[in-house]
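Visitor: Here it is, the structure, as structure tokens.
Any read-out appearing in this document is the output of simple, stated calculations on the displayed coordinates, not a laboratory observation. All figures in this text were calculated on a predicted structure; none of them were measured in a lab. For neighbour counting, all protein chains shown are included, and Cβ atoms are generated from backbone atoms with ideal geometry for every residue, glycine included.
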Amino acid sequence: MDGLMMHRPLLQSGLLDYAAEAWPGAEIVSRRVEGDLHRQGWAETRARAVQLSLALEDLGIAPGDRVATLAWNGHRHLEIYHAVPAMGAVCHTINPRLSAEQMIFVAHHAGDRLLFTDLTFVPLLEKLHDRLPDMRYVILTDRAHMPDTGLQALCYEDLLEGRATDRAWPEFPETTASGLCYTSGTTGDPKGVLYSHRSNMLHALATAAVLGPDLGPQPRILPVVPLFHVNAWGLPFTAPLVGASLVMPGPALDGASLWDLCQAEAVQSAWGVPTIWQGLMAEIQSRGAKPDALRHIVVGGSAMPRSLTEAFEKMGVDVNHAWGMTETSPLGSQGSLTPQERDRPFAERMALKQGQGRRVFGVEMKIVDDAGRRQPHDGQAMGELFVRGNTVAAGYHDNPDATARAVDAEGWFGTGDIASIRPDGFLTLRDRAKDLIKSGGEWISSIDVENLALTHPDVAQCAVIALPHPKWDERPLLVVKPRGDARPGLEDVCAVLRPHLASWQLPDDIVFVDEMPMTATGKISKLTLRQRFADHVLPDLR
Ligand code: AMP
């Protein structure tokens, strides 16, 4: 027997409609690339998203088309985030930290027809333009700041000017694609995660349910996490739901700029990767005070060092250590504590916060051994973490091979993370099975670096391993078994890597071994190498 309740599709356009009506006091504050600080409410954000959608229709953008962005966090980017899905098209956020090759790849693979860009990236796009011959560009600025460029780009504010500010959004099935975000593979090309209206709405509801109480009513939130990293962890969709104000930092992500913005805008909650909090903490220590209103941070993307958590907590800032992936929208687990846990002694609370918290509703978790057997959730047994749920990718966009590798026979998604789960539900990440290094929240594929390094004539065998780094979390070390007596220098090897990689993806140091340690299955044992070079000090830390 069916229930007798209305069925309305879970469409993202409903979020903007709701916030515009229900939260007139909340605002979007943006530090813009042009240098000024801009303010608008959710109602104006909706009005401008309507204008943008009408302009996009005039430009021929139709439901299902992919529209790309290459931009920092700011109100115009947020308007695109809402306008594009509201009309049934797909918002593809391109990560500006990808190498040029990868950027070209993702734009072609996604089939992007139009690209919105901040002024910052115009020189880069001028260089890439020959390889994106069919792309049209819109620059996120006003007429006065339009650059002199050969890109034949349109001006964002001109596009909006004079258009109607209200419309009824179209209706379509909630399973329609709404956003596209590429993530690094262990090797080869980036893989596209294609979110739907339904998955983003359910993610926003689940996030609001678990984080809402800690955020408090109508919080002022600083998304340092970029809109090109898994939808800024869903904040564009969670914020209108809970009536939050968003304080958008633009390109200025250093400790001093973030401190000033937090202070000036009375930011209560800030979200970002550990590297960001390292920078903010250094600034707090040099000024001798935290920004007054700051009382909550959400951290994920890499493990938060315990010392950093403790430093924030001692200042009265509640650190929520979360875990997630591009493929999980991203929130999979989060670390808000129960009242009983909050009452425990400081050291016990900090020990809890070293873990990645409890799963959020809708994301089921299992850990399995190498043979795929489920391991107990006893806090001891470790295994690869698999997840399942409405906010988890069922596969990769137009990539059946990567999809087949990612999903197991029972339909669970393999995360490549090695974890244990305690009987009280706490998840702890213990290791990483995937051959990737995470530096400052961005991935480096060790296999890609190795394959390129092997093209150097003096490199017989090589392996790239992650070394811990206080600022970047991890940095790559290149371990080489040379051919004969040769000892190629780091610069020499980097010369063959540089044309294919972004500069921050190059190894920080090179070391030599006579023999590579091997595993029983004949692979280079990175575990052995990690242990052997655990005390190696990278050049910038000497
Ligand atoms: P991404 O898809 O770029 O967001 O990366 C997701 C991956 O980042 C996860 O599979 C983990 O390897 C890593 N990660 C995310 N959050 C954490 C965390 N809190 N602690 C340790 N690693 C994390």
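Visitor: Taking other Cβ within 10 Å of each residue's Cβ, how do M516, M1, M365 sort, fewest first? Present the calculation step by step, with values, prior to reporting the outcome.
Guide: Numbers: M516 17, M1 3, M365 21.
With the fewest neighbours first, M516, M1, M365 line up as M1, M516, M365.
Visitor: Count the DSSP beta bridges whose two residues both fall in region 445-541, then state the antiparallel fraction as a percent rounded to the nearest 5.
Guide: Working: 11 of 15 bridges.
That works out to approximately 75 percent antiparallel.
Visitor: Per-residue HN-Hα couplings for region 528-536, Karplus 6.51 cos²θ - 1.76 cosθ + 1.60 at θ = phi - 60°, whole Hz, x for Gly and Pro?
Guide: 4, 5, 4, 5, 5, 9, 4, 9, 5
Visitor: What does the charge count around F237 come to, taking other residues whose C-beta lies under 15 Å from its C-beta (Lys +1, Arg +1, Asp -1, Glu -1)?
Guide: Values: positive: R46, R198; negative: D17, E79, E174.
Overall, the nearby charge balance is -1.
Visitor: Going from the alpha-carbon gyration tensor of region 445-541, what semi-axes, largest first and in whole Å, does one get by taking the root of 5 times each eigenvalue?
Guide: Working: eigenvalues 68, 62, 32 Å².
Semi-axes from the Cα gyration tensor: 18, 18, 13 Å.
Visitor: Please report the spacing between the Cα centers of region 222-273 and region 101-177 in Å, no decimals.
Guide: 23
Visitor: Can you find, among L114, A86, H145, the residue sitting farthest towards the positive end of the charge dipole of the chain, where Lys and Arg contribute +1 and Asp and Glu -1 at Cβ?
Guide: Value: A86.
Visitor: Can you give the calculated 222 nm mean residue ellipticity of the chain, where each DSSP H run of n ≥ 4 adds -39,500 (n - 2.57) and the sum is split over every residue, rounded to the nearest 500 deg cm²/dmol?
Guide: That comes out to -9000 deg cm²/dmol.
Visitor: Does region 88-127 come out rounded, prolate or oblate by the C-alpha gyration tensor, with a ≥ b ≥ c the root eigenvalues, rounded set by a/c under 1.5 and, if not, prolate when a/b is larger than b/c and oblate if not? Mind dumping the intermediate values first?
Guide: On the way: a/c = 1.95, a/b = 1.31, b/c = 1.48.
It comes out oblate by the Cα gyration axes.
Visitor: Relative to the compact-globule scaling 2.2 N^0.38 Å, provide the ratio for the alpha-carbon radius of gyration of the chain. Intermediate values should be presented prior to the final figure.
Guide: Numbers: Rg = 23.4 Å, N = 542, 2.2 N^0.38 = 24.1 Å.
With N residues counted in the chain, Rg over 2.2 N^0.38 Å equals 0.97.
Visitor: So what is the orientation-averaged projected area of region 340-485, using the convex hull of its C-alpha atoms, in nm²? Please report the intermediate quantities before stating the final value.
Guide: Numbers: hull surface 50.5 nm².
Here the figure is 12.6 nm², rounded to one decimal.
Visitor: May I pose another question? List the residues, sorted by chain then number, that are 5 or more residues from D473 or on another chain and whose placed amide H is less than 5 Å from its amide H.
Guide: Sorted by chain and number, the residues that satisfy this are G440.
Visitor: So, one more: Give a quick list of GluC sites (Glu not before Pro) in region 86-164 that DSSP marks as loop, anything other than H, G, I, E or B, with at most 16 other Cβ atoms within 10 Å. Write down the numbers at each step before the final one.
Guide: Details: sites: E101, E126, E157, E161; in loops: E161.
In loop regions of region 86-164 (DSSP not H, G, I, E or B), the sparsely surrounded GluC sites (Glu not before Pro) are E161.
Visitor: Right, another one. How about region 288-379: which trypsin sites (Lys or Arg not before Pro) there lie in a loop by DSSP and see at most 12 other Cβ atoms within 10 Å?
Guide: On the way: sites: R295, R306, K314, R342, R349, K353, R358, R359, K366, R373, R374; in loops: R295, R373.
Loop-located and lightly packed - R373.
Visitor: Under unit Cβ charges (Lys, Arg +1; Asp, Glu -1), what dipole magnitude, rounded to 20 debye, does the chain have relative to its Cα centre? Could the numbers behind the result be given before it?
Guide: Values: 51 positive and 67 negative charges, 205 e Å.
It works out to roughly 980 debye.
Visitor: Quick check for me: using +1 on Lys/Arg Cβ and -1 on Asp/Glu Cβ, what's the dipole size of region 30-136 about its Cα centre, in debye to the nearest 20? Please list the in-between numbers first.
Guide: Details: 12 positive and 13 negative charges, 58 e Å.
Value, rounded to 20: 280 debye.
Visitor: Here is a further query. Check which residues have an amide H placed less than 5 Å from E174's amide H, if you skip close sequence neighbours.
Guide: Sorted by chain and number, the residues that satisfy this are L10.
Visitor: Output needed: percent of Cα pairs per 10 Å distance bin for region 98-229, bins running from 0 to the one holding the longest distance.
Guide: Bins of 10 Å from zero give 9, 27, 34, 25, 5, 0 percent of pairs.
Visitor: With a cut-off of at most 12 other beta carbons within 10 Å, and DSSP calling the residue loop, which trypsin sites (Lys or Arg not before Pro) in region 417-489 qualify? Please list them. Before the final figure, lay out each step's value.
Guide: Numbers: sites: R430, R432, K434, K438, K471, R483; in loops: K434, K471, R483.
Hits after loop and neighbour filter: nothing returned.
Visitor: Separate question: Give the aspartates and glutamates reachable from K353 as a straight Cα distance under 13 Å; neighbours fewer than 8 places away on the same chain don't count.
Guide: Straight-line reach from K353, under 13 Å: E310, E313, D318, E341.
Visitor: Another question, then. Could you derive backbone 3J(HN,Hα) for region 263-276 from the dihedral phi with the Karplus parameters 6.51, -1.76 and 1.60 (θ = phi - 60°), listing whole Hz in sequence and x where the residue is Gly or Pro?
Guide: Couplings: 5, 5, 10, 6, 5, 9, 10, 10, 10, x, 7, x, 3, 5 Hz.
Visitor: Now for a different question. So if I average 1/r over every pair of distinct C-alpha atoms in region 217-320 and take the inverse, what Kirkwood radius in Å does that give? Kindly include the intermediate steps, with their values, before the conclusion.
Guide: Numbers: mean 1/r = 0.0737 Å⁻¹.
Final number for the Kirkwood radius of region 217-320 is 13.6 Å.
Visitor: Could you tell me how many degrees, from 0 to 90 and to the nearest 10, lie between the Cα long axis of helix 42-58 and the main elongation axis, the longest principal axis, of the Cα atoms of the chain?
Guide: With both axes taken from Cα atoms, the answer is about 90 degrees.
Visitor: Between helix 100-110 and the chain, what is the angle of the helix's C-alpha long axis to the longest principal axis, kept within 0 to 90° and rounded to the nearest 10?
Guide: Helix 100-110 sits roughly 50 degrees off the main axis of the chain.
Visitor: To continue, here is another question. Kindly work out what percent of the DSSP beta bridges joining two residues of region 57-199 are antiparallel, to the nearest 5. Mind dumping the intermediate values first?
Guide: Details: 6 of 24 bridges.
In region 57-199, approximately 25 percent of DSSP beta bridges are antiparallel ones.
Visitor: Related question: What is the fewest-to-most order of W42, W277, W412 by other Cβ atoms lying within 10 Å of their Cβ? Mind showing how you got there, number by number?
Guide: Details: W42 29, W277 25, W412 20.
In order of increasing Cβ crowding within 10 Å: W412, W277, W42.
Visitor: Fewest first, what order do H197, H296, H456, H145 take by the number of other Cβ atoms within 10 Å? Please list the in-between numbers first.
Guide: Details: H197 26, H296 23, H456 20, H145 15.
Least to most surrounded, the residues fall as H145, H456, H296, H197.
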